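Data block below; observations after.
Just so it is clear, none of the values below were taken in a lab; they were calculated from the coordinates. Given the structure is predicted, the values throughout are model-derived calculations rather than measurements. So basically every Cβ, Gly included, is an ideal-geometry build from the backbone, and we count neighbours across all protein chains shown.
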Amino acid sequence: MRIDSDLKLDFRDVLIRPKRSGLLSRSEVVLRRRFTFPHSGDAWEGVPLIASNMDTVGTLMMAEVLARHGMLTALHKFYSVEECRSFFGRDADSTDADGGKCQNPDIGIRDAVFFSFGITEVFMERLDAVMAMADARERRPKFVCLDVANGYSEQFITVVRAVREKYPEAVIMAGNVVTGEMTEELVIAGADIVKVGIGSGSVCTTREQTGVGFPQLSAVIECADAAHGLKGLVCSDGGCRVPGDVAKAFAAGADFVMLGGMLAGHDESGGEVSVRRYLTDELDDNGERIVDERRAVTFYGMSSDTAMQKYYGGVAEYRASEGVCVELPYRGAVEVTLQEILGGLRSTCTYVGAHRLKELSKRATFVIGRSAPD
Ligand code: 5GP
């Protein structure tokens, strides 16, 4: 047994120190980034935020809206190949949900979605079927997400290596891990992007169930350092609750940030909407308390009882669920939340004098200081 007594920090443990800035307005800040992926060799340009591959976040509807902003969506693993095919097929004419032309025709579906897979044989067959959706190599899906709760298994590395060999042109994001040495292993095995985060998700109970985890800010700092040394990239996954957390993740060195809870609860999120009636403190003309209504949306972890029940018919005997199901207030169109997140990011960049999101991590200094209560 060893104790690592180095300081490890979460988003809420730090604040970003303001710096002299030549920026006159937030509108001057450029949030778009351009990456060339080390293994695939392909390039991508956009705002590097990714909707999480949870079935109440990473939906086809979410992908359509995020694509218009140049953002990415990791589609959840449970769409049928047929559903993926008909969605992906629309890329040919770049039309949006209503049949109109996309606002940004440069960003088609191919540049806006990750197709997600686990590593079992069933998923590998699904991967082959999804990759076969287009006949020509250059029209195949571009982004593949190989996603397991525990990226430390040897089998995971073997699968990443095999998928890299089979699809050399695919951009592969693989995870999740939280330490530098495993980040390096994944990049060497063929991952272009390493997904970072264990135990930090908003509906995740891994820390409680297993005692395993790593404070997210420190995980991103350590993994980004390791990946960048090999020209790999990292995606911070989990733990962002407010726009300031997203800014901290980028400031810590994340190239991409994946969001679950922050994008859940919207029209596009796919959770079940229910109406809750409750008694207010106001009285009507008869002196009765007025009943009001509130709309709520379910949001659950992909390892929760709810998800297991839905997709696997229950939690297998040998495992416990590592996620919970919560009710979020219904939040309407995701567009409004996106504006809030992007506005927050622009403001952070203005505070530290970063003209581009790319400069944020170089300009940022963290100070230890609680930004939120426990
Ligand atoms: P959030 O942005 O909500 O804080 O975190 C989203 C991330 O939580 C997801 O992208 C995924 O990595 C992780 N996650 C989703 N469902 C579960 C779950 O049931 N258990 C655990 N341990 N993590 C989950």
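Calculated [222 nm] ellipticity per residue, helices only, for the chain: -8500 deg cm²/dmol; basis is -39500 (n - 2.57) per DSSP H run with n ≥ 4, divided by all residues, nearest 500.
In this entry, the range 291-374 is assigned a mean projected area of 10.7 nm², taken as a quarter of its C-alpha convex hull surface. With the highest mean first, a sort of the peptides 167-180, 184-197 on other beta-carbon atoms found within 10 angstrom per residue produces 184-197, 167-180.
Placing unit charges on the Cβ atoms only, positive for Lys and Arg and negative for Asp and Glu, gives the range 273-328 a dipole magnitude near 420 debye about its Cα centre.
Restricting the trypsin sites (Lys or Arg not before Pro) of the range 203-252 to loop positions (DSSP other than H, G, I, E, B) with no more than 16 neighbouring Cβ atoms within 10 Å leaves LYS231, ARG241.
Using every pair of distinct Cα positions in the range 273-328, the Kirkwood expression returns a hydrodynamic radius of 13.8 angstrom. Counting only Cβ charges, +1 for Lys and Arg and -1 for Asp and Glu, the dipole size of the chain around its Cα centre is about 1340 debye. Taking the Cα centre of the range 176-332 as reference, the dipole from Cβ charges on Lys and Arg (+1) and Asp and Glu (-1) amounts to some 200 debye.
Would you work out which of PHE37, PHE78, ALA372 lies farthest towards the positive end of the dipole of the chain, given +1 charges on the beta-carbon of Lys and Arg and -1 on that of Asp and Glu, about the Cα centre? Result: PHE37. When the range 135-210 is described by a simple charge dipole with +1 on each Lys and Arg Cβ and -1 on each Asp and Glu Cβ, the residue from ILE172, MET182, GLY201 located farthest towards its positive end is ILE172. The residue list SER269, LEU233, ALA191 was ranked by how far each Cα lies along the charge dipole of the range 126-285 toward its positive end, using unit charges on Cβ atoms, and ALA191 comes out on top. Along its first, second and third principal axes, ordered by size, the range 233-374 spans 61, 52, 29 Å in Cα coordinates. Note on the chain: Cα Rg divided by 2.2 N^0.38 Å, N the number of residues, gives 1.00. Note on the range 161-277: Rg/Rh from C-alpha atoms, Kirkwood Rh, equals 1.04.
Beyond 16 Å, the tail of the calculated P(r) for the range 224-264 holds 33 percent of the Cα pairs.
Pairs over the 18 Å Cα-Cα cut-off, from the set LYS19/LYS195; LYS142/LYS248; LYS142/LYS362; LYS142/LYS166: LYS19/LYS195; LYS142/LYS248; LYS142/LYS362. As a rough guide to protection, the peptides 358-366, 325-333, 45-53 ranked by mean Cβ packing within 10 Å, highest first, stand as 45-53, 358-366, 325-333. In angstrom, the C-alpha Rg and Dmax of the range 152-217 are 13.0, 39.
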